Amino acid sequence: MAQEVLQDSLTVPNQQVELRHDNDFLLTTDRYYSSGLFLTYRKKLKKGLLSIWDEQVGITLLQQVYTPTNIQSEMLSDHDRPYAAFTGLQFKWTSTSDRLFLGIDGLLGAAGPDSGAGNFQRWYHNAIVISPPPVWEGEIANSFHSNMYLNAVREWEWLPNPFGIRAAVELKGAAGSKDFYIEPGIALHFGRRNSMHQSIAYEQLGSLEREIYFTFRVSQRYVYRNALIEGHPSGDASPLVFAPEKQVFHLGFDFFHRFKRHDYKVSYRYLGPEILDNGSHNYLILSYGYSFGS
């Protein structure tokens with residue numbers, strides 16, 4: 001046992017596998033962004049490819065499901081958004097110093113019945129939730145999507161550990177057939193946390209130092225395109241589409257804990273209406289990551 005603890009203290013992992021699940025069911029709703037599954041592999045590079053900062057790469061297999069409020073009606077006139085399903089592969093690259101973070105992602109995937117996400121949700125309701133599954137009438141049509149995502153962050157340390165306070169300004173952006181938006185925001189981190197290039201806050205590896213903290217974040221998304229609401233920009237055969245709201249307010253709380261090779265994350269997200277006359281939405285994010293390698 002002592003030898004295992006010593007080995008953990010000497011070997012800093014540079015790889016991780018993480019499983020994440022998003023769901024609003026635990027908050028007693030089942031509408032809009034209903035669920036998401038993410039399986040991620042990430043690796044910290046020993047030598048950077050494009051910068052002098054710490055670099056990390058990753059790949060995520062993801063599946064997302066969106067439903068209207070009334071999931072039992074087959075009448076399209078009863079739906080306040082279209083059913084939408086998406087399955088894709090996301091490729092990630094990050095470069096991080098102790099104060100600056102830059103992330104660039106590329107996404108390829110399929111929306112519509114061919115994504116298989118709708119069938120998975122039906123199985124989930126029948127086998128796990130034991131409730132009538134959504135009817136999936138009026139789903140967004142089959143389409144292929146490619147997208148790029150940018151995330152840039154500047155952070156300041158106001159108080160050091162163990163009762164640290166850090167503030168950050170963030171700028172997120174997306175361009176492609178699925179999403180097109182810009183999203184400025186701020187975040188406040190409270191508690192014991194590593195610097196940016198080794199912190200779970202930015203999904204960074206390279207340290208076994210314990211982290212336990214919570215984060216408050218707020219942002220405003222300025223939307224130009226949301227294909228899972230309005231269909232593919234080149235046009236498709238979707239039976240029901242809506243115009244997305246041009247501004248969407250986002251608020252979140254995170255509780256993150258890193259203990260040796262184990263990363264635990266619990267997050268709450270609140271979104272303002274994404275379609276005119278719709279309500280707001282909230283959901284939980286649960287994830288676990290295990291780090292390995294050296």
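The values are calculated or read from the model by the stated rules, or taken from the named source; none is laboratory data. All values reported here derive from a predicted model rather than from experimental measurement. Using ideal geometry, Cβ is built from the backbone for each residue, glycine included, and neighbour counts are taken over all protein chains shown.
Things to note:
- Residue that is farthest from Y41 (Cα to Cα) [pool: residues in segment 66-96 that are polar (S, T, N, Q) and touching a strand residue (DSSP E or B) at 6+ places or on another chain (Cβ under 7 Å)]: T67
- Taken over segment 10-50, the criterion of being part of a loop (DSSP other than H, G, I, E, B) and surrounded by fewer than 18 Cβ atoms within 10 Å (Cβ to Cβ) is satisfied by T11, V12, N14, T28, T29, L45, K46, K47, G48, L49, L50.
Yes/no matrix, rows are residues, columns are (1) assigned to a strand (DSSP E or B); (2) of a type in the set (G, A, S); (3) in contact with a Leu (Cβ under 9 Å, 6 or more places away or on another chain); (4) touching a residue at least 24 places away in the same chain (Cβ under 8 Å):
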| residue | (1), (2), (3), (4) |
| --- | --- |
| G235 | no, yes, no, no |
| V248 | yes, no, yes, yes |
| F253 | yes, no, no, yes |
| H257 | yes, no, no, yes |
| D263 | yes, no, no, yes |
| S267 | yes, yes, yes, no |
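- Residues of segment 51-70 that are part of a strand (DSSP E or B) and either loosely packed, with under 14 Cβ neighbours inside 10 Å or of a type outside the set (S, T, Y) (or both): D54, E55, Q56, V57, G58, I59, L61, L62, Q63, Q64, V65.
- Consider segment 145-192 and keep the residues that are surrounded by fewer than 17 Cβ atoms within 10 Å (Cβ to Cβ) and among the β-branched types (V, I, T). The one that is farthest from F253 (Cα to Cα) is I182.
- When restricted to residues that are more than 16 Å from the chain's Cα centre (by Cα) and closer than 16 Å to D179 by Cβ, segment 54-80 contains 0.
- Consider segment 15-57 and keep the residues that are at pLDDT 95 or above and of a type in the set (S, T, N, Q). The one that is nearest to L286 (Cα to Cα) is T40.
- The residue that is modelled with the lowest pLDDT, counting only those in segment 128-139 that are over 15 Å from Y66 (Cα atoms) and over 25 Å from the mean Cα position of the chain (by Cα), is I130.
- Residue check, V223 out of contact with any Cys (no Cβ under 9 Å at 6 or more places or on another chain), at pLDDT 95 or above, of a type in the set (A, V, I, L, M) and farther than 28 Å from L240 by Cβ: no
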